[in-house]
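A short worksheet on the structure shown next.
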Amino acid sequence: MTATETQSVTTTSHSMARPLLAISRWLTAVDHTRIGASMALGAAFWLVIAGVIGAVLGVERADVSGALVDAGALTQLFSLHRFALVFGVAAPLMLGLSVWMLPAQLHASNISLPRLASFGWWAWLAGSITVLVSYLANGGPGGGAEQYVELYLLALGFVLVGLAAVSVAVATTVLTRRNGQRLADVPMSAFSALIGALGVALTTPVAIGTVIYLWVDYVNARVAFGGADFMDNWLGWVMREPQTLLYVVPALGILADAAVRTAKSRQPLRGVVLVGVGIAATVVLSSVTQQAHVFTVGASPTESLQSLVPFALFNAVPLLSPLVVIGLSLLALKTGKPSLSGAFVASFLGAGMIFTGLVGSAAMHIDALSLVGTVFAEAALVYVVYGAVLAAVGAVAMHIGTATGRALPDVPVILLSLVGVLATVLASLPHYIAGFLDQPANVAKGYDDSGIVGVANLAVALGHVLMVAVVALFLALVAKSRRGAPVVDRYQAQVNT
Amino acid sequence: MTAPALTAGPSRRTSTVFVATGVVAAGVVTLMGGMLAMWLNFRANAPTRVASDGASLIKDWLKKDTAVPEVASNTMMFTFVIACIMAQWAVYSARRGDKSHTTLALSITLFTGLALLNAQIALWLQMEVVLRTDAYETMFYAVTGTMFAVIASAMVYSLVAMFRMLAGRTQDHDVLAGHALYWYAVSGMFAAMWFVVYVQK
């Protein structure tokens with residue numbers, strides 16, 4: 001064999017081994033970049049699923065006489081849509097971004113407990129894919145295939161355990177790896193990641209406890225919890241506001257950081273921003289009660305007050321969190337050199353969408369408006385989740401320069417953010433209107449689809465498709481930035497936020 | 001000539017394991033707390049019916065012929081006290097550099113956990129509750145089964161801490177402090193469960 005042939009054989013074997021090595025490195029990764037990026041990409045995968053289901057459901061509901069989807073599968077499709085938005089997109093996306101960003105923000109080499117975070121990522125991935133499979137095989141809430149309903153519960157447990165594991169790693173990182181910084185001095189993204197992670201670590205076990213009850217009951221007597229048809233009733237609080245605020249709290253920190261980095265200023269009221277982000281933690285109290293707190297005007301002022309206090313505590317107080325952060329971010333922008341950056345525009349619009357979703361949720365809990373049981377709830381959830389996606393776009397735009405040395409250009413990010421906000425509004429606002437027009441939730445029949453309601457559902461379908469397109473284009477932009485000419489990273493200059 | 005001032009040394013790093021254990025322990029508290037809250041809710045809302053004598057109301061919760069073996073459940077409660085003392089003894093011994101007593105304390109904690117699991121199984125066998133007809137049966141096995149798993153997780157922690165000690169990592173005081181914290185949290189949650197499930201029923 002000549003030297004040339006030997007070299008050729010060696011090169012071939014190397015090229016064959018390279019993908020295997022890459023896969024093996026990815027499987028065993030314990031560095032924050034890979035774990036965080038993997039979770040974010042996993043969330044992008046679920047966003048496509050959520051978007052497609054949202055579009056299908058929108059078209060299905062635009063015409064009550066049509067039958068795009070089998071009537072028996074509709075309950076599961078609605079349920080899968082909620083799962084995809086909350087546990088497929090919002091929670092893993094924000095936790096993944098936290099894992100990805102934290103070490104750079106805290107000047108640490110890696111996150112704490114990286115193996116726990118890696119376990120969490122794999123548990124979430126395996127669990128969420130199994131949930132998808134169980135739905136496809138007629139399992140899940142409302143499903144008829146018993147084995148797959150059981151599988152759904154086990155997989156959901158895995159998803160929750162995975163998210164809890166990652167949140168423990170995130171919280172521990174902020175609490176232990178600050179390299180001499182006081183907790184009050186860490187960047188706002190890190191502080192909000194801590195609040196969100198603690199919230200997830202404290203509330204997901206409550207959901208796990210409910211899953212255990214449901215599983216034991218379903219596998220055996222089925223006398224206590226009503227079987228598959230009622231599962232979402234017991235677990236509904238995990239996938240609706242205000243609990244979802246805990247999953248997306250990091251979005252508020254991203255906005256606060258983006259404002260000061262864009263304006264190259266300091267936050268004049270940093271303490272108030274910390275309190276604003278911290279207010280989101282009150283949601284933990286709401287979640288552990290596992291109930292919706294509706295405000296009803298009673299026969300006497302005392303009765304009204306008894307209803308108003310829990311409503312205000314659990315639905316109105318969390319509104320202060322995004323409100324304070326949005327207001328003070330604008331103030332920071334004003335005190336520095338006001339300008340627009342991709343990160344700021346995306347995170348500002350994202351936080352605005354989250355706020356709109358929470359306002360909608362609070363309105364839904366006012367009995368006099370009669371919005372409970374309508375599509376209003378779905379719209380509020382979409383606002384919050386897609387708002388978090390926009391904030392994630394801002395986070396990537398802000399930190400990718402530090403992480404890879406290749407920053408993103410501002411103009412495409414701003415344009416994508418604007419299209420993203422259009423997509424969010426299209427995918428949710430029409431359902432706010434349809435909610436006031438009494439379109440019932442989780443069904444595609446039994447209401448008047450003529451006029452505004454029919455058009456509203458078509459607009460929702462369009463919004464979901466547009467959001468999928470925005471995310472796909474943003475991923476393409478990130479991929480392109482790694483090959484094209486370098487762009488100046490305007491966020492590089494570190495400012496104490 | 002005056003000696004140059006020394007720069008300050010690095011600040012003591014907060015223990016990762018201890019803090020992480022604290023977060024996990026808080027999660028265990030909310031897990032059991034949430035389950036017990038649902039237990040109380042179901043018990044409060046259990047259906048009532050008029051007794052055969054027509055004079056009193058019966059709440060359909062715990063069956064009349066189901067007896068909770070109080071010896072086993074009370075023994076478990078007291079065994080947890082021993083487990084906590086042993087876990088704290090391990091911390092105390094490690095701080096004094098006493099490897100043999102640390103290992104002894106950890107191994108007793110581990111075996112105490114084993115005794116707790118044994119007592120739980122004995123309790124299940126004695127109660128002979130069958131998962132068939134009502135909410136109590138479902139909730140009883142779900143709550144006690146979860147507690148069983150939580151105790152098993154505490155035993156795994158004891159085992160890991162003991163192996164680390166035997167392997168020579170005698171300065172890992174924070175791991176032992178975290179281990180003790182976890183046992184305290186588990187004991188606290190068992191105390192709550194003991195009161196709700198075995199005493200109040």
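The values are calculated or read from the model by the stated rules, or taken from the named source; none is laboratory data. The shown structure was predicted, so the numbers you read here are calculated from the model rather than taken from an experiment. Cβ coordinates were reconstructed from backbone atoms using ideal geometry, including for glycine residues, and neighbour counts include every protein chain displayed.
If you go through segment B:148-168 one residue at a time, how many are within 11 Å of another protein chain (Cβ to nearest Cβ) and either buried (at least 22 other Cβ atoms within 10 Å of the Cβ) or on the phi > 0 side of the Ramachandran plot (or both)?
Residues that pass the stated criteria total 0.
Could you count how many residues in segment A:296-325 are farther than 27 Å from A:ALA281 by Cβ and modelled with pLDDT of 90 or more?
So the answer is 0.
For A:VAL393, state whether it is within 24 Å of A:VAL478 (Cα to Cα) and of a type in the set (Val, Ile, Thr).
For A:VAL393, the condition - within 24 Å of A:VAL478 (Cα to Cα) and of a type in the set (Val, Ile, Thr) - is met.
Would you check if there is a residue in segment A:393-405 being within 30 Å of A:ALA312 (Cα to Cα), surrounded by 23 or more Cβ atoms within 10 Å (Cβ to Cβ) and among the aliphatic types (A, V, I, L, M)?
Scanning segment A:393-405 turns up no residue that is within 30 Å of A:ALA312 (Cα to Cα), surrounded by 23 or more Cβ atoms within 10 Å (Cβ to Cβ) and among the aliphatic types (A, V, I, L, M).
Would you check which residues across segment A:199-254 are surrounded by fewer than 21 Cβ atoms within 10 Å (Cβ to Cβ), more than 9 Å from chain B (Cβ to nearest Cβ) and polar (S, T, N, Q) and list them?
Matches in segment A:199-254: A:ASN233 only.
Within segment A:84-100, is even one residue assigned to a loop (DSSP other than H, G, I, E, B), surrounded by 19 or more Cβ atoms within 10 Å (Cβ to Cβ) and in contact with a His (Cβ under 7 Å, 6 or more places away or on another chain)?
no
Yes/no matrix, rows are residues, columns are (1) loosely packed, with under 14 Cβ neighbours inside 10 Å; (2) within 14 Å of chain A (Cβ to nearest Cβ); (3) farther than 30 Å from A:LEU202 by Cα; (4) without any contact (Cβ under 8 Å) to a residue 12 or more places away in the chain:
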position: B:VAL23; (1), (2), (3), (4): no, yes, no, yes
position: B:LYS63; (1), (2), (3), (4): yes, yes, yes, no
position: B:ALA67; (1), (2), (3), (4): yes, no, yes, no
position: B:SER93; (1), (2), (3), (4): no, no, yes, no
position: B:THR103; (1), (2), (3), (4): no, no, yes, no
position: B:THR109; (1), (2), (3), (4): no, no, no, no
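What's the number of the condition A:SER300 fails, among (1) without any contact (Cβ under 8 Å) to a residue 40 or more places away in the chain; (2) of a type in the set (Gly, Ala, Ser); (3) within 14 Å of chain B (Cβ to nearest Cβ)?
Only one criterion in (1) without any contact (Cβ under 8 Å) to a residue 40 or more places away in the chain; (2) of a type in the set (Gly, Ala, Ser); (3) within 14 Å of chain B (Cβ to nearest Cβ) is unmet by A:SER300, namely (3).
Go through A:VAL170, A:VAL159 for me and flag whichever is under 21 Å from the mean Cα position of the chain (by Cα), within 14 Å of chain B (Cβ to nearest Cβ) and in a helix (DSSP H, G or I).
A:VAL170
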